[in-house]
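Worksheet: the structure to be examined is printed underneath.
The values are calculated or read from the model by the stated rules, or taken from the named source; none is laboratory data. Only a predicted model underlies this, so the values are computations on that prediction, with no experimental measurement involved. Cβ coordinates were reconstructed from backbone atoms using ideal geometry, including for glycine residues, and neighbour counts include every protein chain displayed. Note: accessible area is taken over every heavy atom of the protein model, side chains too, but ligands, DNA and RNA are not part of it. Shrake-Rupley method; radii C 1.70, N 1.55, O 1.52, S 1.80 Å.
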Amino acid sequence: MSFSWSDSRSFVRKLTFRKLTNFTKVFSSYWISRILKKPVQWGVPFTVSIEPTTACNLRCPECPSGLRSFSRETGNLKKDFFRNTIDSIHQRLMYLIFYFQGEPYINPDFLDMVSYAHENGVYTITSTNGHFLNDNNAKKTIESGLDRLIISVDGTTQDTYENYRKEGKLETVLEGAKNIVKWKKELNSPTPHTVFQFLVTKPNEHQIPEIFELAKEIGIDEVKLKTAQVYDYENGNPLIPEQEKYSRYRLNKQGKFEVKHKLLNHCWKLWHSCVITWNGLIVPCCFDKDATHRLGNLHEQDLNTIFYNPNYQAFRSKIFEGRDKIDICTNCTEGCKVWLN
């Protein structure tokens, strides 16, 4: 269930010569930078993550939204600001990741903003905990033109599911998924490509075979297993899976847990993408959840200018000097997530 011709067609149909040219510039400059071990930047971001809201209805234990632990300002993305942003970047933007922190569907204008990006030829992706996919929202989701919908389903029974998705109801999530599948059929729509994302933890790893069966039964297009990021892992954590292949961490000779992948001193994210918070702050990637590394502000400068400013170039230089010296990089395997299939 890992490949879809219809999903690929949705992406390819939105490509243009200008987007491909920009991709080539970014890709080339990244590899030249790796060879020279200093930042060379050509082109502008062809991937952008935009945060619809910092609010969430759940209280997941390793999430700042769930823990209500932000030190930065919280709020909802404004529709006019979003439209102005899309107007300025859509011609070179290959795809828009419409989430960062929070639950996107809490923003009342979320699907209107998805529609606007779709109308401007941008491939759109969002991730949801699935509690707001009632019949009406499911229909609007299909009509919005959303290309890919990731639904977090971290257990196949309520007891297991709520072990991580605190205050969540699995029955509501599954009903929402069924609503999406139903309206795709009713409206004869190939989109969105639907994904069950299963965050593998110790309490749910025994249910991995069951999530594939459940997705097939409902009619979900794909299942993705995702390794769990935990903040306090050195002395162990009840969320770390017993099977190491499903974990970001391993025991070292000193009996402590460590990130099992080598921390390489380069990062593709810094060249091709960025994150825009709900209030216009530019941060380097999705690991900067509290926006501590602020590289610019869209209310003061446009994205293309920010992408080349001294702050951004200095951050890229730090990557080559050692990612182990950057706090947000130490729990990362270079990229937003580690997919297991």
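Per-structure values
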{"read-out": "C-alpha center-to-center spacing [the range 239-318, the range 194-233] in angstrom", "value": "24 Å"}
{"read-out": "Between the range 19-90 and the range 123-157, the alpha-carbon center distance in angstrom", "value": "20 Å"}
{"read-out": "Most to least packed among 138-150, 169-181 [average Cβ atoms within 10 Å]", "value": "138-150, 169-181"}
{"read-out": "Column: log10 I(q)/I(0), Debye, Cα scatterers of the range 61-137, q = 0.26, 0.27 Å⁻¹", "value": "-1.30, -1.34"}
{"read-out": "When each of LYS79/LYS139; LYS169/LYS269; LYS224/LYS253; LYS79/LYS169 is checked by Cα-Cα distance, pairs over 23 Å", "value": "LYS169/LYS269; LYS224/LYS253; LYS79/LYS169"}
{"read-out": "Mean separation of Cα contacts under 8 Å (6+ apart) over length of the chain, as relative contact order %", "value": "19 percent"}
{"read-out": "Net lengthening on full extension, SER88/THR157 (0.36 nm per residue, minus Cα-Cα)", "value": "20.4 nm"}
{"read-out": "Partners for LYS14 among aspartates and glutamates (Cα-Cα distance below 12 Å; same-chain residues under 8 apart left out)", "value": "GLU119, ASP147"}
{"read-out": "Electrostatic dipole magnitude of the range 219-341 [Cβ: Lys, Arg +1; Asp, Glu -1; Cα centre; debye, to 20]", "value": "400 debye"}
{"read-out": "FRET efficiency, LYS325 to GLU258 (Cβ-Cβ, R0 22 Å, nearest 0.05)", "value": "0.85"}
{"read-out": "Accessible area per residue in Å² at 1.4 Å probe, computed on the range 89-229", "value": "37 Å²"}
{"read-out": "The range 170-232: projected area of the alpha-carbon convex hull, averaged over directions, in nm²", "value": "5.0 nm²"}
{"read-out": "Gain in span if fully extended, ARG13 to THR292, counting 0.36 nm per residue against the direct Cα distance", "value": "96.8 nm"}
{"read-out": "Share of alpha-carbon pairs per 10 Å distance bin for the range 1-150, given as whole %", "value": "10, 34, 32, 20, 3, 0"}
{"read-out": "Estimated [θ] at 222 nm from DSSP helical runs (n ≥ 4, -39500 (n - 2.57)) normalised by residues in the chain, nearest 500", "value": "-10000 deg cm²/dmol"}
{"read-out": "The range 85-223: projected area of the alpha-carbon convex hull, averaged over directions, in nm²", "value": "8.4 nm²"}
{"read-out": "Accessible carbon and sulfur surface of the chain relative to its total accessible area, %, 1.4 Å", "value": "50 percent"}
{"read-out": "Sparse-neighbour loop sites [GluC sites (Glu not before Pro); the range 19-119; at most 15 other C-beta within 10 Å; DSSP]", "value": "GLU73"}
{"read-out": "Charge dipole magnitude, Cβ of K and R +1, D and E -1 - the range 160-207, Cα centre, debye nearest 20", "value": "120 debye"}
{"read-out": "Cut-off 18 Å, label 7 Å out along Cα→Cβ of LEU20, residues of the range 118-137 by amide N", "value": "121-123"}
{"read-out": "Ratio of the Cα radius of gyration of the range 155-287 to 2.2 N^0.38 Å, where N counts its residues", "value": "1.29"}
{"read-out": "Estimated inter-spin distance, ILE32 and GLU167, nm [label 7 Å along Cα→Cβ]", "value": "5.0 nm"}
{"read-out": "All Cα pairs of the range 232-327, percent lying beyond 22 Å", "value": "43 percent"}
{"read-out": "Relative compactness, the chain, computed as alpha-carbon Rg over 2.2 N^0.38 Å", "value": "0.98"}
{"read-out": "Spin-label pair ASP112/TYR231, simplified geometry with 7 Å Cα→Cβ offset, distance in nm", "value": "3.5 nm"}
{"read-out": "Additional length obtainable on full extension of the chain from VAL181 to ASN304, 0.36 nm per residue less Cα span", "value": "40.5 nm"}
